[in-house]
Amino acid sequence: MVEITCSGLLFDLDGVLVDSTPAVARVWTKWALSHDFDPEETVRLAHGRPSLATIRDLLPNADYELENEVVLRGEMEDTDGVVPLPGARELLHSLPPDRWAIVTSCSRPLAEVRLRAAGLPIPRRLLTSDDVTNGKPDPEPYRKGATLLGVPAPRCLVFEDAPAGVVAGKAAGALVVAFRTTANDEELETAGADWIVRGCSSLSVVESGSASDRDLVRLCLND
């Protein structure tokens, strides 16, 4: 059991708060097959990154925006099986709303669709791929997420499930708690995760300060 004190909490969305794996796999598999790519490898490459970045890697000479619209439309229309991960709702409700933000590689419309489908609150502070120039594994998303909270990134705790997101959080200077929902321990350790736990159900809030006290959110990791 470990206790951590931080000033802000930055959550990835898919694989951390929401289980959208079946929907993501269906959409990317259909897209991959339409371009004669290996579906399993394409789904793996797409996880934790902006869809536009994946498309650019796989189709360097394509109309990126057009292809991205196809994927985005498919993901927004397919919410079957999109549910909150165990403990996510309880954890978010136990946190002061000014202390946490979501930092996701989804577009803003897709992030809101998935949060609603899962029955989770749309936070006051939501940073998406629409808000950054360089997506994960670049540190820009988590640096900007910390700025949204008015807290330096090294005083934030990042929650991730994808190696690209872990790398982004560490590069921003934050401590990173990785979840075993997508990648294996070796991949998460190699990416630089400080702790690895099952998921939100392994976390509990020990104490949280007032809005004026930026140094008092204590979490217990118990896995």
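The values are calculated or read from the model by the stated rules, or taken from the named source; none is laboratory data. Just so it is clear, the model here is predicted, and its values are computed rather than measured. Quick reminder, even Gly has a Cβ in these numbers, built from the backbone with ideal geometry, and neighbours come from all protein chains shown. Calculation scope for accessible area: heavy atoms of the full protein, side chains included, ligands and nucleic acids excluded. Shrake-Rupley method; radii C 1.70, N 1.55, O 1.52, S 1.80 Å.
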> What percentage of the solvent-accessible surface of segment 89-132, computed with a 1.4 Å probe over protein heavy atoms, is contributed by carbon and sulfur atoms?
Replying inline: 48
>> Using a probe radius of 1.4 Å on heavy atoms only, what accessible surface per residue do you get for the chain? Whole Å² is fine.
In response: 44
>> Among Ala101, Leu85, Ser7, whose Cα projects farthest towards the positive end of the dipole of the chain, with charges put on the beta-carbon of Lys, Arg (+1) and Asp, Glu (-1)?
In response: Ser7
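Once you have a ≥ b ≥ c as the square roots of the Cα gyration tensor eigenvalues for segment 126-223, tell me rounded if a/c is under 1.5, and otherwise prolate or oblate according to whether a/b is larger than b/c. If you can, show how the numbers build up before the last one.
Values: a/c = 2.05, a/b = 1.06, b/c = 1.94.
In terms of gyration-tensor shape, oblate.
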> What shape does segment 55-186 have by the C-alpha gyration tensor, where a ≥ b ≥ c are the square roots of the eigenvalues, rounded means a/c under 1.5, and otherwise prolate means a/b greater than b/c and oblate the rest?
Replying inline: oblate
>> Suppose only helical runs count, i.e. DSSP H with n ≥ 4. What mean residue ellipticity at 222 nm does that imply for the chain under -39500 (n - 2.57) per run, divided by all residues and rounded to the nearest 500 deg cm²/dmol?
In response: -11500 deg cm²/dmol
> What lysines sit close enough to Lys30 to cross-link, taking a C-alpha to C-alpha distance under 29 Å and skipping anything fewer than 8 places away on the same chain?
Replying inline: Lys136
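Assuming 0.36 nm per residue, please report the length gained on full extension of the stretch Thr21 to Val70 beyond their Cα-Cα distance. Write down the numbers at each step before the final one.
Details: separation 49, 0.36 × 49 = 17.64 nm, distance 1.81 nm.
Gain in length upon complete extension: 15.8 nm.
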> Tell me, what is a quarter of the convex hull surface for the C-alpha atoms of segment 1-103, in nm² with one decimal?
Replying inline: 8.5
> In whole angstrom, how far apart do the alpha carbon centroids of segment 13-57 and segment 83-142 sit?
Replying inline: 18
>> For the chain, what does the convex hull of the Cα positions come to per residue, in cubic angstrom?
In response: 104
> So how tilted is helix 64-77 from the main axis of the chain? Cα-based, degrees 0 to 90, rounded to 10.
Replying inline: 70
> Which length gain, in nm to one decimal place, applies between Asp38 and Ser204 when the Cα-Cα distance is subtracted from 0.36 nm times their residue separation?
Replying inline: 55.8 nm
